[in-house]
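The values are calculated or read from the model by the stated rules, or taken from the named source; none is laboratory data. Remember, it's a predicted structure, so these values are computed and weren't measured experimentally. Here the Cβ positions follow ideal geometry from the backbone for every residue, glycine too, while neighbour counts run over all protein chains shown.
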């Protein structure tokens, strides 16, 4: 078992912040025209072999059909196409099946997730898709259920609760099926849970095995042998009751030749390493890549990207398996560009580190020591008991947005971001159910944001489409995007790279040099990764449009109604896209109440604990969810009924009566109105200036 180690980062920035199914894929003529798995095949390369649409004719691409999802929040799913049927998910874990040629709906299934569950979701009520296997469609619901549906009818076949409903677990990831077992992880580390992932029998839903990513105690008893070694890397005084994190909420891949399942694990809970595990060690298996036997869950090797993780630097980002010639030798590799800003190439049989190079600005570590596999941290990036400005930000140099590998060019196309973040350690920390339990002083960071006075405080640059040479370990070319939200990537054998972005543009680039060859304006921002498939001799490219998630709800101001849709394109397509409705201008509706500053300060503390994740840092909302500064007089009159009484739970606004008193709710209202009546600050002016200079400025920092 090999244990390479990882690192962390330093600067400033924006607030960011699963289920898995994969059968052994044997390519066939029919399969080459489908998109049967999350990454098209087990290697997760997200590369289509179809060539009908190419550099020469992509300009003739037009809409073939469009399907309105009925959602108004973030859409992140990868559609699956099998035998002419397209399966995808919308928000709140809703599943739908369409005729992939016409877009006509075949069926739709709503798992009826309780809307109060949205309170436990760190990063919106999103879902990244389904898995299709042996006549069944598998989906992980936000409330922790794994559900098997009949692929022909959409009717449930079996359901299993994979998480403790009383803890803040969620599922947003797409399932995979490996060797007749459905693999599913979960999220919730920011809220305070213990990470694990599980394998269920694909036919019956019976639990086959479960792998915990962190120990439950120092001395055990431990659920499996790997935890005995992991426990040695935690102090006896670790915050065991918090769960410690390490959730496996997204990335998986499978190598049928080696019979190895690869799983990425997530961040710590709490972030502050000295508060989480005083005097502890590497805190395995946080922020790690695990290689396991899919039939038993036995660990074969692991590589930890960030030992003693403390910056929310997950290793849950997309992993790609490929064959590369390195040093004159053909190597079977695993590639990952995790949040921490280093692009890793590992031997996927042994876990040997082959390279680790910075693909974005990194300030938490100087480099990765190739002898030990460990990052060399910069002391000033540690913020335990203090504060630090660190890069990448908590949203990472690369987040959940899938990348793609093109075997023809040998390049990996990464949806990357350049941002920093200010970490402030909380003077005291108490676990609070339903709140962010990261160990940060969020209100202190909010005060910093509210008081910024110079553009030099804004190191944020635009998101980019980055073409990375994994053999040379350097950038080949890049395209700066117009917003902070980069969409997922598709590459094709036609020499193309497709990507959407938050401005609503869906773009085809030349895979060799990044030149824009075609662009369509969908009107609605795009985060989800495109796919390509063929039916009756025609190639299609399809993508979901709908902003949300962490960046889509914090770094973008929505200008139109976020009316989600799935759009398919083909050569000569002439379908009419759904109209886009502009959002009206907003004005402050209610005067500021005459309350003491102490009440406003109390409101800031409470807002930072319970409200910012949905309604924006510093009470500056994106308008995907309500910007509370512009709430109506009616809303203000019903404030406590909404916040405590749950009168808007149908819209996803849960009751906080278990956490807030009536006076607390009114203090939050006072803070929101103080922010609403704040004039254009120097910070706002600085950001406007920075935007004109080409900086990507997180809207959630702007003080209107």
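Residue 214: in the same structural domain as residue 252 (by TED's automatic domain parsing), within 24 Å of residue 90 (Cα to Cα) and at pLDDT 95 or above, yes or no?
On the way: in the same structural domain as residue 252 (by TED's automatic domain parsing): yes; within 24 Å of residue 90 (Cα to Cα): no; at pLDDT 95 or above: yes.
The answer is no for residue 214.
Quick check on my filter: what residues within the stretch 135-161 are in a loop (DSSP other than H, G, I, E, B) and farther than 20 Å from residue 433 by Cβ? Before the answer, list the steps.
Going through the stretch 135-161, the residues in a loop (DSSP other than H, G, I, E, B) turn out to be 135, 141-144, 151-155.
Correct list: 135, 141, 151, 152, 153, 154, 155.
Only one of 256, 294, 338 is surrounded by fewer than 23 Cβ atoms within 10 Å (Cβ to Cβ) and not assigned by TED's automatic domain parsing to the domain that holds residue 430. Can you tell me which?
Values: 294 fails: surrounded by fewer than 23 Cβ atoms within 10 Å (Cβ to Cβ); 338 fails: surrounded by fewer than 23 Cβ atoms within 10 Å (Cβ to Cβ).
After applying the criteria, what remains is 256.
Only one of (1) surrounded by fewer than 19 Cβ atoms within 10 Å (Cβ to Cβ); (2) at pLDDT below 90 is not met by residue 646, so which one is it?
The one condition residue 646 does not meet is (2).
Looking at (1) in a loop (DSSP other than H, G, I, E, B); (2) within 20 Å of the chain's Cα centre (by Cα), which is the only condition residue 553 fails?
(1)
What are the pairs, 6+ residues apart or on separate chains, where a residue within the stretch 314-342 that is on the phi > 0 side of the Ramachandran plot has its Cβ under 6 Å from a residue that is in a strand (DSSP E or B)?
Sorted first by the residue in the stretch 314-342, then by its partner, the pairs are 341/358.
Inspect the stretch 564-577 for any residue being modelled with pLDDT under 95, within 19 Å of the chain's Cα centre (by Cα) and buried (at least 19 other Cβ atoms within 10 Å of the Cβ) and give the result as yes or no.
No, there is no match, as no residue in the stretch 564-577 is modelled with pLDDT under 95, within 19 Å of the chain's Cα centre (by Cα) and buried (at least 19 other Cβ atoms within 10 Å of the Cβ).
Taking only the stretch 371-390 into account, find how many residues are in contact with a helix residue (DSSP H, G or I) (Cβ under 9 Å, 6 or more places away or on another chain) and buried (at least 24 other Cβ atoms within 10 Å of the Cβ).
Residues meeting the conditions: 2.
The rows are residues; the columns are (1) touching a helix residue (DSSP H, G or I) at 6+ places or on another chain (Cβ under 9 Å); (2) surrounded by 23 or more Cβ atoms within 10 Å (Cβ to Cβ).
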| site | (1), (2) |
| --- | --- |
| 105 | no, no |
| 127 | yes, yes |
| 133 | no, yes |
| 136 | no, no |
| 148 | no, yes |
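So which strands (runs of 3 or more DSSP E) are wholly in the stretch 240-293 and hold at least 3 residues that are under 20 Å from residue 373 (Cα atoms)? Outline the logic, then answer.
Values: elements: 252-255, 260-264, 288-292.
Correct list: 260-264, 288-292.
Hey, does the stretch 512-524 have a residue that's in contact with a helix residue (DSSP H, G or I) (Cβ under 9 Å, 6 or more places away or on another chain), in the same structural domain as residue 94 (by TED's automatic domain parsing) and surrounded by 24 or more Cβ atoms within 10 Å (Cβ to Cβ)? If you could, list the steps in order and put the result at the bottom.
Applying the first criterion (in contact with a helix residue (DSSP H, G or I) (Cβ under 9 Å, 6 or more places away or on another chain)) to the stretch 512-524 yields 517-518.
Applying the additional criterion that residues be in the same structural domain as residue 94 (by TED's automatic domain parsing) yields 517-518.
Within this subset, residues satisfying the condition of being surrounded by 24 or more Cβ atoms within 10 Å (Cβ to Cβ) are none.
Within the stretch 512-524 (the criterion being in contact with a helix residue (DSSP H, G or I) (Cβ under 9 Å, 6 or more places away or on another chain), in the same structural domain as residue 94 (by TED's automatic domain parsing) and surrounded by 24 or more Cβ atoms within 10 Å (Cβ to Cβ)), the answer is no, since none of the residues qualifies.
Residue-wise test of (1) within 17 Å of the chain's Cα centre (by Cα); (2) modelled with pLDDT under 95.
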| site | (1), (2) |
| --- | --- |
| 242 | no, yes |
| 250 | yes, no |
| 254 | no, no |
| 264 | yes, no |
| 267 | yes, no |
| 281 | no, no |
| 285 | no, no |
| 291 | no, no |
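For the structure I just gave you, tell me whether residue 204 is assigned to a loop (DSSP other than H, G, I, E, B), more than 23 Å from residue 124 (Cα to Cα), assigned by TED's automatic domain parsing to the domain that holds residue 403 and modelled with pLDDT of 95 or more. Outline the logic, then answer.
Working: assigned to a loop (DSSP other than H, G, I, E, B): yes; more than 23 Å from residue 124 (Cα to Cα): yes; assigned by TED's automatic domain parsing to the domain that holds residue 403: yes; modelled with pLDDT of 95 or more: yes.
The answer is yes for residue 204.
Considering only the stretch 179-201, state which residues are in a loop (DSSP other than H, G, I, E, B) and under 21 Å from residue 300 (Cα atoms). Before you say what the answer is, go through the steps one by one.
So in the stretch 179-201, the residues in a loop (DSSP other than H, G, I, E, B) come out as 179-180, 185-186, 188-193, 195.
179, 180, 185, 195, listed by residue number.
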